[in-house]
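Step one of this worksheet: look at the structure below.
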Amino acid sequence: MFIATIFTLLITSCNNTNTNKMEKSKGISKSSFGTADGKEVFLYTLINSKGSEITITNFGGIVTSWVSADKNNIKSSIVLGYDSLSGYLATHPYFGAIVGRYGNRIAKGKFSIDSVAYTLAINNGPNHLHGGLKGFDKLVWEPTVENDSVPSLMLSYLSKDGEEGYPGNLKVDVHYTLTDEDELKIEYNATTDKKTVINLTNHSYFNLTGDVSNNILDHVLQIDADHFTSVDSTLIPTGDITPVKGTPFDFTQPTKIGLRIDSVMGGYDHNFVLNKTDASLTKIATVSEEKSGRVLEVFTTEPGVQFYTGNFLDGKLKTSGGKSIGQHAALCLETQHFPDSPNEPSFPTTILLPGQKYHTVTVYKLSVIK
Ligand code: GLA
């Protein structure tokens with residue numbers, strides 16, 4: 001049921017009754033974030049027992065900040081985001097958003113199911129990208145606070161049959177939880193009433209230094225993938241599953257991102273075929289950054305991950321603090337099924353049938369090495 005749950009949970013309290021100092025404590029608080037599509041939009045702040053803080057808006061399901069302490073106890077956000085809605089209402093490259101119905105590209109915006117052809121918007125060169133003109137990143141989702149003791153927020157949306165050209169009424173809910181272990185757990189559920197395709201992801205841009213003035217080329221990355229999907233010049237898979245060995249795509253051992261990026265035209269923007277062979281929640285990648293001591297581990301039930309090095313960021317967009325967001329200012333690890341799967345029968349299927357339950361989980365776990 002897609003019912004708006006009206007609530008107010010402000011678990012901001014005086015931690016120390018001996019002082020007048022107000023400290024935020026574990027829970028979820030809600031504040032107004034503006035208006036989109038004629039509806040009020042909110043910002044939810046999830047705080048865990050360590051004092052780490054994640055803010056999420058029900059506009060696009062966007063994770064707008066993730067504030068945590070580095071090894072010197074300095075707090076900053078490790079994801080790119082704005083502190084007001086206007087930045088998100090303007091054009092931006094999916095900062096922190098839920099991406100769907102189909103995260104990544106579908107060649108020429110065309111696919112068929114049971115010989116019925118579907119046509120989607122062309123919004124990326126000759127291809128369809130990230131759900132179309134008004135994808136899940138640009139919608140107002142229905143929010144429900146699920147739990148304030150383990151801060152957890154659910155966002156729901158009913159995507160109507162034919163929306164953005166996709167078949168079937170698709171009911172989606174996305175659950176965000178911030179655990180005391182500094183994990184952001186994102187669970188995606190969906191059902192449809194007509195055979196359709198689906199590939200949901202989150203498009204957070206990480207910079208573990210907490211400062212976009214530093215690029216991510218010194219971040220060290222390891223991905224548990226012996227293969228990647230080779231692409232054509234428009235970033236559509238050729239169908240080949242290519243070994244990473246001996247290529248700049250070999251991140252099987254922890255490697256500085258900048259080490260070989262110049263040999264990859266434009267930078268990394270590729271789907272890695274994870275070594276995991278089932279849909280269990282498995283650790284698939286680790287990113288670390290020496291100066292902050294921060295480490296980000298990624299776990300997923302998905303078979304692939306798009307590693308994107310912010311190649312199209314060009315300094316024109318600025319943070320709320322006025323800093324330019326330049327090329328490689330952040331990296332994305334978008335857990336997913338492979339791009340263009342609806343047109344590649346050999347790839348794991350992205351078809352969802354009526355009666356089936358789409359369920360995927362991704363966990364981003366942050367820690368600090370002192
Ligand atoms: C994904 C794509 C990139 C780019 C970004 C958004 O990561 O693979 O090519 O479109 O989204 O700018």
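Is it true that Thr201 is closer than 30 Å to Ile54 by Cβ and either buried (at least 22 other Cβ atoms within 10 Å of the Cβ) or under 15 Å from the mean Cα position of the chain (by Cα) (or both)? Write out each step before concluding.
Working: closer than 30 Å to Ile54 by Cβ: yes; either buried (at least 22 other Cβ atoms within 10 Å of the Cβ) or under 15 Å from the mean Cα position of the chain (by Cα) (or both): yes.
In short, yes.
Has the range 77-96 got any residue that is within 14 Å of the ligand (Cβ to nearest atom), more than 20 Å from the chain's Cα centre (by Cα) and at pLDDT 95 or above?
The answer is no; no qualifying residue exists.
Please find, within the range 205-263, the residue that is farthest from the ligand (Cβ to nearest atom) out of those that are of a type in the set (Phe, Trp, Tyr) and within 30 Å of Pro345 (Cβ to Cβ). Walk me through how you get there before you give the answer.
Looking only at the range 205-263, we keep the residues that are of a type in the set (Phe, Trp, Tyr), and these are 205-206, 228, 249, 251.
Applying the additional criterion that residues be within 30 Å of Pro345 (Cβ to Cβ) yields 228, 249, 251.
Details: Phe228: 13, Phe249: 15, Phe251: 16 Å.
Ranking the candidates gives Phe251 first.
Of everything in the range 17-34 that's surrounded by fewer than 17 Cβ atoms within 10 Å (Cβ to Cβ) and charged (D, E, K, R), which residue is modelled with the highest pLDDT? Lay out the reasoning, then the answer.
Pass one, the range 17-34, residues surrounded by fewer than 17 Cβ atoms within 10 Å (Cβ to Cβ): 17-25, 31-32, 34.
Then keep just the ones that are charged (D, E, K, R); that gives 21, 23-24.
On the way: Lys21: 39, Glu23: 56, Lys24: 76.
Once the filter is applied, the top-ranked residue is Lys24.
Out of all the residues in the range 302-347, which are more than 14 Å from the ligand (Cβ to nearest atom), open to solvent by 20 Å² or more (accessible area, probe 1.4 Å) and either under 23 Å from Phe111 (Cβ atoms) or in contact with a Phe, Trp or Tyr (Cβ under 9 Å, 6 or more places away or on another chain) (or both)?
Pro303, Thr319, Ser320, Pro342, Asn343, Glu344, Pro345, Ser346
How many residues does the range 125-163 hold that are more than 16 Å from the ligand (Cβ to nearest atom) and open to solvent by less than 50 Å² (accessible area, probe 1.4 Å)? First the steps, then the outcome.
Step one: list which residues in the range 125-163 are more than 16 Å from the ligand (Cβ to nearest atom), which gives 139-163.
Next cut, open to solvent by less than 50 Å² (accessible area, probe 1.4 Å) only: 139-141, 143-145, 151-157, 159, 162-163.
So the count comes out to 16.
Residues of the range 103-124 being outside any strand (DSSP E or B), touching a residue at least 60 places away in the same chain (Cβ under 8 Å) and within 12 Å of the ligand (Cβ to nearest atom), which ones? If you could, list the steps in order and put the result at the bottom.
Let us first name the residues in the range 103-124 that are outside any strand (DSSP E or B), namely 103-104, 107-109, 114-115, 120-123.
From what's left, touching a residue at least 60 places away in the same chain (Cβ under 8 Å): 103-104, 107, 114.
Within the range 103-124, Gly103, Asn104 qualify.
Run Ala285 past the list (1) closer than 17 Å to Lys185 by Cα; (2) more than 16 Å from the ligand (Cβ to nearest atom); (3) small (Gly, Ala, Ser); (4) touching a Leu at 6+ places or on another chain (Cβ under 6 Å) and report the number of the one that doesn't hold.
(2)
Pairs only if they're at least six apart or on different chains, beta carbon under 8 angstrom, first in the range 190-213 and under 20 Å from Tyr268 (Cα atoms), second open to solvent by 10 Å² or more (accessible area, probe 1.4 Å) and aromatic (Phe, Trp, Tyr); list them, first residue then second.
His203/Tyr94
Please enumerate the residues belonging to the range 69-102 that are charged (D, E, K, R), crowded, with 24+ Cβ neighbours inside 10 Å and assigned to a strand (DSSP E or B). Spell out the reasoning first.
Taking the range 69-102 and keeping what is charged (D, E, K, R), we get 70-71, 75, 83, 101.
The next check asks that each one be crowded, with 24+ Cβ neighbours inside 10 Å; those that pass are 101.
Scanning the range 69-102 gives no hits.
The values are calculated or read from the model by the stated rules, or taken from the named source; none is laboratory data. If you're wondering where the values come from, they're calculated on a predicted model, not measured in any experiment. Reconstructed Cβ throughout: ideal geometry from the backbone, glycine too, with neighbour counts over all protein chains shown. Each accessible area value is taken on the protein alone, full model and side chains, heavy atoms only, with ligands, DNA and RNA left out. Shrake-Rupley method; radii C 1.70, N 1.55, O 1.52, S 1.80 Å.
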